[in-house]
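Data block below; observations after.
The values are calculated or read from the model by the stated rules, or taken from the named source; none is laboratory data. Worth saying up front: this structure is predicted, and the values here are computed from it rather than measured. All Cβ positions, even for glycine, are placed from backbone atoms using ideal geometry, and neighbour counts span all protein chains on display. Surface areas here come from the heavy atoms of the whole protein model, side chains and all, with no ligands, DNA or RNA. Shrake-Rupley method; radii C 1.70, N 1.55, O 1.52, S 1.80 Å.
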Amino acid sequence: MKKLRNLKALLLVIVAAVALEVTALVQFYFSQQGLREEAKLRAESELNATSFEIMDIIDQAEAAVRNSVWIAQWCLDFPDSLERVCERIVSDNPVVAGSTVALVPGYRADRPLFSPYVCREPDGSLKALSLATAEYDYPSQEWFVRPLVQGEGYWSEPYVDEGGGEMLMTTFSFPIRDAKGTQAAVLTADISLEWLKELMGRIKVYPNAYCTVSSREGHMLISPSATQDPKSLVFDTTVERTGWTISLVIPESDIFGVLRRVGTIVGILQLLGLLMIILMLQSFVRGERRFRELDKQRERIAGELQIATGIQMSMVPKTFPPFPERHDLDMAATIVPAKEVGGDLYDFFIRDEKLFFCVGDVSGKGVPAALVMAVTRTTFRNLSAQEDSPGRIVQAMNDNLSSMNESNMFVTFFCGVLDLANGHLRYCNAGHNPPYTLTNVIKPLPVEPNLPLGIMGGYEFKEQEMPFRYDDAIFLYTDGLTEAENAAHEQFGEVRMEKNLHGRKSAQAHLDVIKKDVQAFVGDAPQSDDLTILFIHYVPCSHRLVLKNSVDQISLLPAFVQEAVKASKLNSELEGSLNLALEEAVTNVVLYAYPEGTEGDVIVDAAVTDKALTFTITDTGKPFDPTARPDVDINAGVEDRPIGGLGIHLVRQIMDDVRYERRGNKNVLIITKKY
């Protein structure tokens, strides 16, 4: 048995040695790849920068020629002036070493061959000469022939200009046409390539790296005279328009030399490490079983907690908007446990046009709190399925939890019932944080100081109520929000929370803003308590009346206006004038929107907000904008006023805002009376 253990230990040492060697090889390989990639990036960066420098010279030379084309065209009738054009190009552009205007042979009978040339001398002075000689034969030169054939600007192959500039150069040539469109001459700019040698010499990304430059035809323009390392990496880039290829050659010894030296040191260290492994092996074998058993236990606990988290989260609504078929509620909620499972809860559902909702916080954390949370939520669902009074629901929940509370845990709880038909809110608070109401002001909801659930059976809980109007909202939360702490142990607090509630936003937008602010405040500090938020925004549908395009339907408007005024903050004394304005607007639609003998609908909506009462009149008749008519001059005589217009004038006098929109195939007239 001992032999077997020793054999296993020896095998483990061998495996470890092989693993170390493989690790070293893998590290060496990836390090080599990293250095290769670094060399590539450095080479590309240097080549791009060099290419930009070359292109700057190229662009200057091209610009000098292109900007002088019109002058050369104008001087075609005065050939003796062409030398001045060349002189101007050379003197005004330091990058240009020489320039000529070479006439097409036979273009002028008096000048069969004509090519004045101006170049810069070493001392900076300008020298003028003629290229129209038998020895030079400019009509056969590449810089002359190619632009005429191609009909556009052309950069020549680099060449030694014997008889002209007497230097290694390249030439940009541009064909010139006369006023009749006939090719008349070629205008050029020469640039010396001496600066290119200097530029290539400045590239030193690595100590022994060097550059070569070849032309578009493959002729080598610049090549080092030193002995070249056969093991090298080569990186290329092409200069636009000239076709030159710049190659950066980097010897591998420059790139990988340090890595190879480090590899030798690493090999020695690996041997030392192997010796340490042998010494640690025996201790490792003894502890292996113990650690394996602990890992199994941790995995089992983690799996059970994961299942518990899934079960707990499945007990609270998570789909928002929760009632997509309804338009009178905008809701959002979130729950963030401090551990895998927590003791916070929220729940809501609709029964008999009433919204039942609750938020609770179980004392303690972890699995015990999660179990109490599950019992509390189930009890709330069972009781509120048949009971409408939040006071009686909370009282029954308290008796139920108190009877089985051997662990002395309690639950702070808020229960509310919102009648969606009339906005009447009834609620009962059991020791929970007072929710905030968002009406015309933002303030805590007045709550009775009832005991939390589970402390004392038979306790009588007091129920409260308040009216909810259009656009009112209620914000419920647990103390994990206000007591969230940052690294300095400062709490988020109610002031910061209330600040985030200002401004009308959707329920989800409110939650997102608060969560983001809490996360920014807490930073990297660990979460100290479960955090739960529930936001309920009450936006009941506006009043609606559907009429037929018949005059006898107008009699239905007074009752509709009366209902809308009652729901608003307007004085009932305005009811008559509002009814008159609405009758004028609706009568206009009834009489004129639809063709005679055609039946159609006229839909009137009344929306009540905290600032105004708005009537919206919609029809699918022919397009007509009553607001487009000019104001009526009521002081003019009857015979001087055009027919019509008094109705919309009356509406404008009564209402504060009158707007018309054409939405698809619908006429929409919106009239508003502000408070």
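The numbered conditions (1) assigned to a helix (DSSP H, G or I); (2) buried (at least 16 other Cβ atoms within 10 Å of the Cβ) are all true for ALA520 except (2).
Yes or no, residue by residue, for (1) part of a loop (DSSP other than H, G, I, E, B); (2) open to solvent by 50 Å² or more (accessible area, probe 1.4 Å); (3) not charged (D, E, K, R):
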position: GLY106; (1), (2), (3): yes, yes, yes
position: TYR117; (1), (2), (3): no, no, yes
position: ALA128; (1), (2), (3): no, yes, yes
position: GLU157; (1), (2), (3): yes, no, no
position: THR171; (1), (2), (3): no, no, yes
position: GLY181; (1), (2), (3): yes, no, yes
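Given the options LEU531, LEU556, name the one that is closer than 30 Å to ASP605 by Cβ, among the aliphatic types (A, V, I, L, M) and either over 23 Å from the mean Cα position of the chain (by Cα) or at pLDDT 90 or above (or both). Break it down stepwise before answering.
Numbers: LEU531 fails: closer than 30 Å to ASP605 by Cβ.
Result: LEU556 is the single residue among LEU531, LEU556 that is closer than 30 Å to ASP605 by Cβ, among the aliphatic types (A, V, I, L, M) and either over 23 Å from the mean Cα position of the chain (by Cα) or at pLDDT 90 or above (or both).
For SER91, the criteria (1) in contact with a Lys or Arg (Cβ under 9 Å, 6 or more places away or on another chain); (2) surrounded by 17 or more Cβ atoms within 10 Å (Cβ to Cβ) hold in every case but one, which is (2).
Out of everything in region 491-512 that is touching a residue at least 12 places away in the same chain (Cβ under 8 Å) and open to solvent by 60 Å² or more (accessible area, probe 1.4 Å), what residue ends up being nearest to GLY523 (Cα to Cα)?
Filtering region 491-512 down to residues touching a residue at least 12 places away in the same chain (Cβ under 8 Å) leaves 492, 494, 496-498, 500-502, 504, 506-508, 510-511.
Cutting the leftovers down to open to solvent by 60 Å² or more (accessible area, probe 1.4 Å) gives us 494, 496, 502, 504, 508.
On the way: GLU494: 18, ARG496: 15, HIS502: 23, ARG504: 27, GLN508: 22 Å.
The residue in question is ARG496.
Of all residue pairs spaced 6 or more apart or on separate chains, those with beta-carbon atoms under 6 Å, a first member in region 409-426 that is within 24 Å of ASP399 (Cβ to Cβ) and a second member that is crowded, with 19+ Cβ neighbours inside 10 Å and of a type in the set (Phe, Trp, Tyr) are GLY416/PHE357; GLY416/TYR427; VAL417/PHE356. Among all residues of region 598-606, there is at least one that is touching a residue at least 60 places away in the same chain (Cβ under 8 Å) and in contact with a helix residue (DSSP H, G or I) (Cβ under 8 Å, 6 or more places away or on another chain). Checked against (1) within 17 Å of ILE533 (Cβ to Cβ); (2) charged (D, E, K, R); (3) in contact with a Pro (Cβ under 8 Å, 6 or more places away or on another chain), ARG377 meets all criteria but (3). Cβ separations smaller than 7 Å between residues 6+ apart or across chains give the following pairs from region 557-582 residues that are outside any helix (DSSP H, G or I) to residues that are open to solvent by 50 Å² or more (accessible area, probe 1.4 Å) and at pLDDT below 90: LYS569/TYR675; LEU570/TYR675. Kindly indicate whether ILE203 is under 18 Å from TRP155 (Cβ atoms) and β-branched (Val, Ile, Thr). Answer is no for this residue. Would region 461-483 turn up any residue that is open to solvent by less than 10 Å² (accessible area, probe 1.4 Å), in a loop (DSSP other than H, G, I, E, B) and of a type in the set (Ser, Thr, Tyr)? Looking for residues that are open to solvent by less than 10 Å² (accessible area, probe 1.4 Å), in a loop (DSSP other than H, G, I, E, B) and of a type in the set (Ser, Thr, Tyr), one finds at least one in region 461-483, hence yes.
Can you find a residue that is under 30 Å from HIS543 (Cβ atoms), open to solvent by less than 60 Å² (accessible area, probe 1.4 Å) and either of a type in the set (A, V, I, L, M, F, W, C) or part of a helix (DSSP H, G or I) (or both) anywhere in region 385-401? There is at least one residue in region 385-401 that is under 30 Å from HIS543 (Cβ atoms), open to solvent by less than 60 Å² (accessible area, probe 1.4 Å) and either of a type in the set (A, V, I, L, M, F, W, C) or part of a helix (DSSP H, G or I) (or both).
For region 427-438, a tally of residues being open to solvent by 30 Å² or more (accessible area, probe 1.4 Å) and in contact (Cβ under 8 Å) with a residue 40 or more places away in the chain returns 1. Kindly evaluate GLU240 against the criterion of being at pLDDT 80 or above, open to solvent by 40 Å² or more (accessible area, probe 1.4 Å), of a type outside the set (A, V, I, L, M) and more than 13 Å from SER51 (Cα to Cα). So GLU240 does not fit the description; no. Residues in region 20-52 that are exposed (fewer than 11 other Cβ atoms within 10 Å of the Cβ) and either outside any helix (DSSP H, G or I) or in contact with a Gly (Cβ under 8 Å, 6 or more places away or on another chain) (or both): 0 in all.
Residue count for region 542-575 satisfying the condition of being within 21 Å of LEU591 (Cα to Cα), surrounded by 16 or more Cβ atoms within 10 Å (Cβ to Cβ) and of a type in the set (Gly, Ala, Ser): 0.
Of the residues ALA134, ALA128, ALA179, which is farther than 28 Å from HIS219 by Cβ and free of Cβ contacts under 8 Å to residues at least 60 places away in the same chain?
Working: ALA134 fails: farther than 28 Å from HIS219 by Cβ; ALA179 fails: free of Cβ contacts under 8 Å to residues at least 60 places away in the same chain.
Exactly one residue qualifies, and that residue is ALA128.
For region 149-193, filtered to residues that are touching a Phe, Trp or Tyr at 6+ places or on another chain (Cβ under 7 Å) and of a type in the set (Phe, Trp, Tyr), the residue that is nearest to VAL95 (Cα to Cα) is PHE172.
In region 61-88, which residues are of a type in the set (Gly, Ala, Ser) and either open to solvent by less than 10 Å² (accessible area, probe 1.4 Å) or in contact (Cβ under 8 Å) with a residue 40 or more places away in the chain (or both)?
ALA61, ALA64, SER68, ALA72
Restricting attention to region 249-271 and to residues that are touching a Ser or Thr at 6+ places or on another chain (Cβ under 8 Å) and under 30 Å from ILE222 (Cβ atoms), the residue that is surrounded by the fewest Cβ atoms within 10 Å (Cβ to Cβ) turns out to be GLU252. Kindly establish whether SER45 is over 27 Å from LYS197 (Cβ atoms) and not aromatic (Phe, Trp, Tyr). Criteria not met by SER45. If the condition is being assigned to a helix (DSSP H, G or I) and among the acidic types (Asp, Glu), then region 62-93 contributes GLU62, ASP80, GLU83, GLU87, ASP92. Taking the listed residues ASP295, ASP347, the one that is touching a Cys at 6+ places or on another chain (Cβ under 6 Å) and either loosely packed, with under 15 Cβ neighbours inside 10 Å or at pLDDT 80 or above (or both) is ASP347, with no other qualifying.
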